[in-house]
Amino acid sequence: MAVRERTLSEFLQHSGQVLPDVAEGEVVLRRRDGEDLVIMTRRQSEALHAVLQAYFALADGNGSAVQAALPWLAFLSSGDRAACLRELREVGAAALHSGQLSRLAETLYAWEATGLAAWDLQRRVEQAPSQDEDPIEIPRPSR
């Protein structure tokens, strides 16, 4: 995994120079007298955990566990679910290789927003009087 590396002393003395690197992905802080530390944003950590949970569930063939990890996935059409999981796999692999976890977080949250928008639209359609109009297309996340 290509991650940025700094010393703990450098971080403690010049955190303002290190924190922009953390916004892109994890940073390893090297220590002389102990195990190295890894810092990342909460958003990056949560995205990484959610995607890992989903893929461990997929590896076990447990579709309900995937939806437990990503509950908004149920609001997407089956085609969009497949596209979402495919894109998360591709972006996740690239993020792990490059150390750019911010891209994984952006992709995950863009799909989550799409799922929630689909849920909201469906809820509005169910509550509205019957109309003979075509469904509204929701724009999908794009790379």
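In percent, what relative contact order does region 15-143 have, based on Cα pairs under 8 Å that are 6 or more apart in sequence?
Values: 111 pairs, mean separation 29.4, N = 129.
Taking the mean separation of contacting Cα pairs over the length of region 15-143, I get 23 percent.
Whats the longest run of the chain with zero GluC sites (Glu not before Pro) that are DSSP loop and have at most 11 other Cβ atoms within 10 Å? Write down the numbers at each step before the final one.
Details: sites that count: GLU35, GLU133, GLU137.
With a cap of 11 other Cβ atoms within 10 Å, the longest stretch comes to 36-132.
For n ≥ 4 DSSP H runs only, could you compute -39500 (n - 2.57) per run for the chain, divide by its residues and tell me the 222 nm figure to the nearest 500? Each step should come with its number before you reach the end.
On the way: 6 runs with 89 residues, N = 143.
Mean residue ellipticity, 222 nm, calculated: -20500 deg cm²/dmol.
With each pseudo-label sitting 7 Å past Cα toward Cβ, what's the GLN13-GLN122 distance in nm, one decimal?
So the label points at GLN13 and GLN122 sit 5.7 nm apart.
Calculate the dipole size of the chain relative to its Cα centre from +1 charges on Lys and Arg beta carbons and -1 charges on Asp and Glu beta carbons; express the result in debye to the nearest 20.
Numbers: 15 positive and 21 negative charges, 82 e Å.
Around 400 debye, computed over the chain.
Counting alpha carbon pairs within less than 8 Å and at least 6 residues apart, what relative contact order, in whole percent, applies to region 1-75?
Working: 72 pairs, mean separation 15.3, N = 75.
The value is 20 percent.
Between (i) 46, 35, 26; (ii) 52, 36, 23; (iii) 68, 35, 22, which entry matches Cα extents along the principal axes in Å as derived from the coordinates of this structure?
Computed from these coordinates, Cα extents along the principal axes in Å corresponds to label (iii).
DSSP loop trypsin sites (Lys or Arg not before Pro) in region 1-101 with at most 15 other Cβ atoms within 10 Å of their Cβ, which ones? Let's see the in-between values first.
Numbers: sites: ARG4, ARG6, ARG30, ARG31, ARG32, ARG42, ARG43, ARG81, ARG86, ARG89; in loops: ARG31, ARG32.
Taking region 1-101 and a limit of 15 other Cβ atoms within 10 Å, the loop trypsin sites (Lys or Arg not before Pro) found are ARG31, ARG32.
Please report the Cα spread of region 47-108 along all three principal axes, rounded to whole Å, starting with the longest.
On the principal axes, region 47-108 reaches 30, 21, 14 Å in Cα extent.
Evaluate the charge dipole of region 34-112 about its Cα centre and quote only its size in Debye, nearest 20, assuming +1 on the Cβ of each Lys and Arg and -1 on the Cβ of each Asp and Glu.
Details: 6 positive and 9 negative charges, 32 e Å.
Using only the charged Cβ atoms, the result is roughly 160 debye.
What are the residues whose amide H is under 5 Å from the amide H of THR7, where those residues sit 5 or more places off or on another chain and H is modelled from the backbone?
The answer is ARG30.
Any read-out appearing in this document is the output of simple, stated calculations on the displayed coordinates, not a laboratory observation. A quick note: this is a predicted structure, and the numbers were derived from the prediction, not measured. All Cβ positions, even for glycine, are placed from backbone atoms using ideal geometry, and neighbour counts span all protein chains on display.
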